[in-house]
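What follows is a short report on a single structure.
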Amino acid sequence: MKHVLIAGAGIVGVSSAIWLQRAGCRVTIVDRAGPASGTSHGNAGVLAAGAVVPVTVPRLMRKAPSMLFTPSSPLFLRWSYLPKLLPFLAKYMSYANDKHVDHYAKSMSSLLHDSVDQHHALAKGTGAERFVTEEDYCFGYQTHAAFEADGYGWSKRQDQNVPYEVVSGTEYAKYDPLYDGQFETVVRCKSHGRISDPGAYVKALADHFVQQGGELVITNI
């Protein structure tokens, strides 16, 4: 029997350990603090099959200046750092082209298109099953013009067969009783899901791994 040592008890380490265990391997996980003690907890846990469009789209160069000077924008730049940042920015912006977007979208789609099914398969027969939920993932636009301006990204999702539905804000209100009416257009993405409690999910998977004979060692590597 092969003995596999895995460094890290986050979602990557624990899920890899379970699949190796199911394949007949003896598996040991080593982590300095325990399951889900790092970035595998405290996140949104979204299983987003449609997250296939990069930030570096062709129109980024046109949008970036206005984002820098808009107070409510999430983009911030310390201007004194700009000279040091320029080489990175130049390389980063070199990817803002259609060829790179298509390559990125195709690659990400191959990884994400069945993410909900993969998590169902991973959690099957474990105490983690209850944390995997199937939910729509929605994008809200205050105006329909804003949605149309974002058409490039939606066309790329369509190229990768990401299922979605465009509805009016009025139609969306029938779907979500808590909706407050601020959007004119809403896009509902299907085939998405969520891990309702990412930290508890990873811990439940780790518990199952140990119950099935796996070894979890808490120590510094």
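Numerical summary
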| quantity | calculated |
| --- | --- |
| Sole exception among (1) in a helix (DSSP H, G or I); (2) surrounded by 14 or more Cβ atoms within 10 Å (Cβ to Cβ) for Tyr95, by number | (1) |
| Counted residues, the stretch 207-219 - those being assigned to a loop (DSSP other than H, G, I, E, B) and more than 9 Å from Val30 (Cβ to Cβ) | 3 |
| Residue in the stretch 98-109 that is at pLDDT below 95, among the aromatic types (Phe, Trp, Tyr) and surrounded by 15 or more Cβ atoms within 10 Å (Cβ to Cβ) present | no |
| Top-ranked residue in the stretch 42-56 [being within 10 Å of Ile195 (Cβ to Cβ) and of a type outside the set (A, V, I, L, M); ranked as surrounded by the most Cβ atoms within 10 Å (Cβ to Cβ)] | Gly45 |
| Hits in the stretch 133-146 - residues which are in contact with a Ser or Thr (Cβ under 8 Å, 6 or more places away or on another chain) and closer than 30 Å to Lys203 by Cα | Thr133 |
| Qualifying position, being assigned to a helix (DSSP H, G or I), over 19 Å from the mean Cα position of the chain (by Cα) and under 23 Å from Arg22 (Cα atoms), among Ala121, Ala204, Ala145 | Ala204 |
| Considering residues of the stretch 161-201 that are among the aliphatic types (A, V, I, L, M) and assigned to a helix (DSSP H, G or I) only, the residue modelled with the lowest pLDDT | Ala173 |
| Every residue from the stretch 34-72 that is in a loop (DSSP other than H, G, I, E, B), free of Cβ contacts under 8 Å to residues at least 12 places away in the same chain and among the polar types (S, T, N, Q) | Thr70, Ser72 |
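The values are calculated or read from the model by the stated rules, or taken from the named source; none is laboratory data. This structure is a prediction, so every number in the text was calculated from the model and none was measured. Here the Cβ is made from the backbone with ideal geometry for all residues, glycine too, and neighbour counts use every protein chain on show.
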